[in-house]
1. Kirkwood hydrodynamic radius, chain A, all distinct C-alpha pairs: what's the number in Å?
2. Which ordering of A:LYS64, A:LYS25 is given by a fewest-first count of other beta-carbon atoms within 10 Å?
3. Going down the list A:LYS81/A:LYS204; A:LYS25/A:LYS140; A:LYS64/A:LYS201; A:LYS64/A:LYS206; A:LYS140/A:LYS201, which pairs span over 28 Å between their C-alpha atoms?
4. Can you give me the relative contact order of chain A as a percent, contacts being Cα pairs under 8 Å and 6 or more apart?
5. 5 Å is the cut-off here: which amide hydrogens, built 1.01 Å from N in the peptide plane, fall below it relative to A:GLU143, excluding neighbours closer than 5 in sequence?
6. List, in order, the whole-Hz ³J(HN,Hα) value for each residue of the range A:29-40 obtained from phi through the Karplus relation with A = 6.51, B = -1.76, C = 1.60 and θ = phi - 60°; use x for Gly and Pro.
7. First select every other residue whose beta carbon is under 14 angstrom from the beta carbon of A:LEU155; then total the charges, Lys and Arg +1, Asp and Glu -1.
8. For the range A:90-212, with the dipole built from +1 on Lys and Arg beta-carbon atoms and -1 on Asp and Glu ones, taken about the Cα centre, which of A:SER149, A:TYR176, A:SER123 lies farthest toward the positive end?
Amino acid sequence: MNVFRFLGDLSHLVAIVILLLKIWKTRSCSGISGRSQILFAIVFTTRYLDLFSNFISVYNTSMKIVYITCSYATVYLIYGKFKATYDFNHDTFRIEFLLVPSAILAFLVNHDFSPLEILWTFSIYLESVAILPQLFLVSKTGEAETITSHYLFALGSYRLLYLLNWLWRYFSQGFYDLIALLSGILQTVLYCDFFYLYISKVLKGKKLSLPA
Amino acid sequence: SSESPNHDEL
């Protein structure tokens with residue numbers, strides 16, 4: 001475990017908790033893409049199926065449980081408790097266009113043709129594009145609440161920190177995983193324009209608004 | 001690779 005990976009996990013946890021608190025406290029999921037949250041729940045489910053069969057550490061197991069619990073709780077709040085505030089008019093990105101290619105690619109390009117490994121690979125590919133419905137929603141509404149932009153910044157930073165973690169692991173122990181690395185690069189690239197807007201606007205106290 | 005890789009990252 002190196003500092004980049006730890007900060008990455010922390011950033012990911014902060015993002016997940018920020019979102020859950022935002023919805024719970026404001027009792028509203030306006031500006032949040034329920035479809036992206038469904039994709040994240042699928043990512044965690046397919047990636048952590050070895051939760052009980054493959055013990056790595058208390059940290060690893062507890063974080064997996066937190067991620068899975070929070071992601072399902074978020075989906076429940078959006079589609080259950082606060083569905084009256086769900087922006088179904090704008091949250092229209094076709095997630096089958098993300099699920100099907102990720103599944104096909106997982107069968108074609110993986111490290112090991114075993115069920116668990118193919119599901120892990122599927123979760124890596126899906127995670128790299130899972131934020132697209134959310135970014136699509138922000139572009140359609142033309143703006144994002146400040147708390148939502150903090151959520152996106154933390155979420156985008158997590159995989160950027162993981163890229164630094166893989167750089168560190170490559171030079172310190174010769175470890176690399178091309179599937180995770182290339183997917184992580186794509187995932188982070190998708191946030192680039194958001195990062196620019198966040199740093200140039202939100203950090204100056206302005207609201208995040210995309211050029212109409 | 002023969003052994004299924006052990007993913008120790010989240």
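Each reported figure results from applying straightforward, stated rules to the coordinates on display, with no laboratory input. Quantities reported herein were computed from a predicted structural model and do not represent experimental measurements. A quick note on method: Cβ atoms are made from the backbone with ideal geometry, for glycine too, and the neighbour counts reach across all protein chains shown.
1. It is 17.8 Å.
2. If I rank by nearby Cβ atoms, fewest first, I get A:LYS25, A:LYS64.
3. As for pairs spanning more than 28 Å Cα to Cα, those are A:LYS81/A:LYS204; A:LYS64/A:LYS201; A:LYS64/A:LYS206.
4. Normalised by residue count, the contact order of chain A is 31 percent.
5. A:LEU210
6. Here the 3J(HN,Hα) series is 10, 5, x, 9, 8, x, 5, 4, 5, 5, 4, 5 Hz.
7. Cβ neighbours under 14 Å give a net charge of 0.
8. A:SER149
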